[in-house]
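Reviewing the structure listed below.
The values are calculated or read from the model by the stated rules, or taken from the named source; none is laboratory data. Computed from a predicted structure; not experimentally measured. Virtual Cβ from ideal backbone geometry, glycine too; neighbours counted across all protein chains shown.
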Amino acid sequence: MNTEKIKKRLEEYYRTATPEQVVAEFEALGVVFDEVPQINMIEFSLGGTSGMVFNNDYKTWSDDFLVGLSESTVGVGLPAPPKNPPTQPSTQFAMAA
Amino acid sequence: MENDVKMIRFIGFHGTDERNVESIQQNNFQESTGDSHWLGEAVYFFTSGVGDGVAHARNWAKSDAYERKYTRYAIIKADIAVNDDAILDLRLSDGLELFNLHRSYILTQLRRKKKEFRPNNEKYSDGKVIEHMKQVAGIEVVVGNQYVQFGIDRREKIFSRVPNCTFLCVSNPKDNVNPAVTIVERGNI
């Protein structure tokens, strides 16, 4: 296998292709795509704990794990989620590129 | 420089319905098409590597007979020759890295257009990524170690992630497969 030549061709393609072109090429191969749903993400800070609200679900980082806040997490030192979501402007956020 | 290409040769074994032999001898192989093919639309051969290519071709022909309803099989030996810059060798870490590089690139571009593979109907398949690599990088042969469900595995519905064979997926057979094939075995299912 001639790795360098193949890699060079791929890199040339990556340099020149557009996302629209990639989608069209896969659709020409018979692939039918779904649209990725929009996700509203709002940052919050509450009682010394900061995190994110995804579609009204409060989540914060605890020891590298994303933990959902609920009444049960109050016992382990995390705050209970507020009854009303934060009012700062939302950030439109598509899943990580 | 474009002139430093090497020709690489493989021996492949193809197990099939014995009634296909005459057509293959006269017209060469036809690519298998459709969404279910593991590594894209191509002619699939077993080759040396994990296990024995002839034995795998025999097992495959006998397994396939139950679905395709034939009673006699044949194993065809073919010579495949292709330039080294048209081979994606997934037995090698270089080949795996190229594939993963391209897959990551594709998924990134799709996300930029807010697209995703349809989860229920048109699921993601490695075959589609390889079909795309053929178009953009001139790949014509893919070599890989894979797990294939042979007879007892199919009946027992066993699936494994540990490869049990090595196969070649050859595109453009008229350019890459020597039409002077050899019948190495015939038999009853």
* State all residues of the range B:18-39 that are more than 17 Å from B:ALA74 (Cα to Cα) and modelled with pLDDT of 75 or more; if no residue qualifies, say none. => B:GLU31, B:SER32, B:LEU39
* With the range B:75-176 as the region, which strands (runs of 3 or more DSSP E) entirely inside it contain at least 3 residues that are crowded, with 21+ Cβ neighbours inside 10 Å and in contact (Cβ under 8 Å) with a residue 60 or more places away in the chain? -> B:141-146, B:165-170
* Structure fact -> Within the range B:90-99, the residues that are closer than 19 Å to B:VAL162 by Cβ and charged (D, E, K, R) are B:ARG91
* Does B:GLY49 satisfy the condition of being in contact (Cβ under 8 Å) with a residue 24 or more places away in the chain and either within 14 Å of another protein chain (Cβ to nearest Cβ) or basic (Lys, Arg) (or both)? -> no
* Scope the range B:61-116; condition among the polar types (S, T, N, Q) and within 14 Å of chain A (Cβ to nearest Cβ); matching residues -> B:ASN83, B:SER93, B:ASN100, B:SER104, B:THR108, B:GLN109
* Structure fact -> Matching residues in the range B:32-57 (farther than 14 Å from B:ASN164 by Cβ and buried (at least 21 other Cβ atoms within 10 Å of the Cβ)) number 6
